[in-house]
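The structure appears below as structure tokens.
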Amino acid sequence: MAELRLVELSATTIVAVNTLGLKPGQEQFLAPVSYGVAATVVNPQTTWQRVVVDGDEVVGFVSANFDPDATEEHFRSVLWRINVDADDQGRGVGRFAVEELIEEARRRGMDHVDVIYEAGEGGPEAFFTRVGFTPVNETEYGEVIAEIRL
């Protein structure tokens, strides 16, 4: 594994992000990447999206929103999406992306990062727990709200 680094989402990287593979069963826990990318158009001042590259290869994508004025606390500093290519899962790519996201949240003066996910077998809960998120609440739809305090 070469040195992981983040680059901004661009016309060059978006095609690779859209073709990141998933392990069987993961698709039920993840909306299409295009939903996340659209957030940049809707909220360009608050959306933070980065591509994780290993050498020249795109291996992951992370999307977050930082809006201190959001009416709901769990939307003020939130990880919206994290994708790691199926072949690259388990190599620390996701952990790297979350660590970089936490540093960005600190730079922006945030005191926490939330994530909202659907619990279930094969879902992202084990990953989020391993990287430090702690469940704190549920949405009205039964999704888990978990946070990392900074």
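The values are calculated or read from the model by the stated rules, or taken from the named source; none is laboratory data. Every value quoted in this text rests on a predicted model; they were computed, and no experiment measured them. Positions of Cβ are generated from backbone atoms using ideal geometry, with glycine treated the same way; all protein chains shown enter the neighbour counts.
Before moving on, here are some points about what is shown:
- For the stretch 135-144, a residue qualifies if it is within 16 Å of Trp80 (Cα to Cα) and either out of contact with any Asp or Glu (no Cβ under 8 Å at 6 or more places or on another chain) or polar (S, T, N, Q) (or both), and the qualifying residues are Pro135, Glu138, Thr139.
- Counted residues, the stretch 93-115 - those being over 25 Å from Val58 (Cβ atoms) and either among the hydrophobic types (A, V, I, L, M, F, W, C) or at pLDDT below 95 (or both): 1
- Members of the stretch 65-78 found to be touching a Leu at 6+ places or on another chain (Cβ under 9 Å) and modelled with pLDDT under 95, listed by number: Asn65
- Boolean, Glu118 is modelled with pLDDT under 90 and under 25 Å from Thr46 (Cβ atoms): yes
- Across the stretch 83-101, the qualifying residues are those that are part of a loop (DSSP other than H, G, I, E, B) and among the small types (Gly, Ala, Ser), and the one among them that is farthest from Val7 (Cα to Cα) is Gly90.
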